[in-house]
Amino acid sequence: MSEQKGKATAEQKGKATAEQKGKATAKGKATAKGKAIVAMGKRKRAIARAAIKKGQGTVRINKVPLEIWEPSLAREKMMEPLSIAGERTQKVDIDVNVKGGGYMGQADAARTAMARGLSEYFGEELLGLYAQRDRSLIVSDTRRREPKHPLGRGARKKRQKSYR
């Protein structure tokens, strides 16, 4: 009898785990549709995180609408992935948080984050369009500031020598 109890409990455990797995995957699929996609972009010292979710097409950078973002050159740069995506952007809301760096570095970082997020949200077709237009839309720029060296006033600048 003890053997039968052992077998029965093992079978019950097997069934329970299979049922639990089925429930977990069903829950995962249901919640995955409602979640926002988060993508990141970098440029120099600027780091941007873009959250893309279903919505009416609003784009905010640090809680400021993109339409009134200044300077205008940075705004145009950030609008590039949206113009390439076209009508698709009317179906999603994009919230970008950018910190660090200057305004153009922030614009480049936000641009990369938005392009990565949109390509992840809409699929490989958009990724191909971005790569064809400009590779920096997808790939973050790896160039960073060179650190100061001990014998000079900066990374490359050295003290002048006088031979008199």
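The numbers here are math on the coordinates, done by the rules we state, and not lab data. Since we're looking at a predicted model, the values are computed, not measured. Ideal geometry is used to build each Cβ from the backbone, glycine not excepted, and the neighbour counts take in all protein chains shown.
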Check: Using only Cα atoms, what is the ratio of the radius of gyration of segment 50-125 to 2.2 N^0.38 Å?
Finding: 1.00
Next item on the list: Within the set of other residues whose C-beta is less than 10 Å from the C-beta of residue 95, count the net charge using Lys and Arg as +1 and Asp and Glu as -1.
Entry: +3
Check: Which loop-located trypsin sites (Lys or Arg not before Pro) does segment 107-146 contain, where loop means any DSSP state but H, G, I, E or B and the Cβ has at most 12 other Cβ atoms within 10 Å?
Finding: 143, 144, 145
Checklist line | Cut-off 10 Å between beta-carbons: net charge of the residues surrounding residue 104, Lys and Arg +1, Asp and Glu -1 | finding: +2
Next item on the list: Give me the number: length gained by fully extending residue 162 to residue 139, i.e. 0.36 nm times residue separation minus the C-alpha to C-alpha distance, one decimal in nm.
Entry: 3.7 nm
Notebook entry, point to check: When Lys and Arg each count +1 and Asp and Glu each count -1, what net charge do the other residues less than 11 Å away from residue 44, Cβ to Cβ, add up to?
Noted result: +4
